[in-house]
Amino acid sequence: MIKKLKNKRILICIVIVIFVVLIFLIFFIKNHYKIFETGNNMSNKSIEEIEKYILNISSYEAKVSVTVESNKNTNKYVISQKYIAPDKSKQIVLEPSNLEGIEIVYDGQQLSINNSKLSLSKVYEDYEYVVDNVLCLESFISDYQEAKKESSSKLYEQDGEYVFEAKTKSDNKYNENKKLFIDKSTGKPTKLLIQDINEKTVVYILYNEIKI
């Protein structure tokens, strides 16, 4: 009788342990799936949700390839970018080798350029776009939000990507239109086009890496 009672208690304990383990596994799987869904997969988001996600980016780090087309030549750069809201950003030129190490830092009001090899005037004279925050994602976001207020923005789907388009009010005829392309499945930017008054692309920014 005592042995049967003991065996019954052991069986009850085993059942309780199995039940607790099952609850833990169910909770873990559901929580892990939720994190995966929200953190890594944006394919189930609507275009409006993607727009809200992009416009509310508070920080990012990126490595971009930049191609600048002018009437005379084509210049290419590789740049590291970092942004922290509301107004802290830094760009570091990685390529070409003659500009390697140039740091362009913005604090929301002032711009500073750090490089012992090149004078400030030389950088502005020969590499205008490199020291302009027009290359930065937060600059586009600001322009898009302003264009949206003026009903001069567009948001549409094209070839598996969402396209954010903003007509900007600028005195610079080479900076009239901007297009940001977003991968539908990841919600990450893939490229940014800056176009002139005739919608010819003068700056092409390719996002090789970006962490939002």
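The values are calculated or read from the model by the stated rules, or taken from the named source; none is laboratory data. Since we're looking at a predicted model, the values are computed, not measured. These accessible areas exclude ligands, DNA and RNA; they are computed on the full protein's heavy atoms, side chains included. Shrake-Rupley method; radii C 1.70, N 1.55, O 1.52, S 1.80 Å.
Remarks
- Cross-link table Lys76/Lys191; Lys117/Lys178; Lys63/Lys178; Lys52/Lys179; Lys154/Lys184; Lys45/Lys188, entries beyond 22 Å C-alpha to C-alpha: Lys117/Lys178
- Gyration tensor (Cα) of the stretch 165-212, equivalent ellipsoid semi-axes in angstrom: 23, 10, 8
- Long-range amide H partners of Lys188 with built H, under 5 Å: Asp183
- Remark on the stretch 145-186: hydrodynamic radius 11.1 angstrom, per the Kirkwood mean of 1/r across alpha carbon pairs.
- Å² of accessible area per residue within the stretch 172-212, as computed with a 1.4 Å probe and no ligands counted: 47
- For the stretch 129-212, a Kirkwood radius taken over Cα pairs fed into Stokes-Einstein (20 °C, viscosity 1.002 mPa s) yields D = 165 µm²/s.
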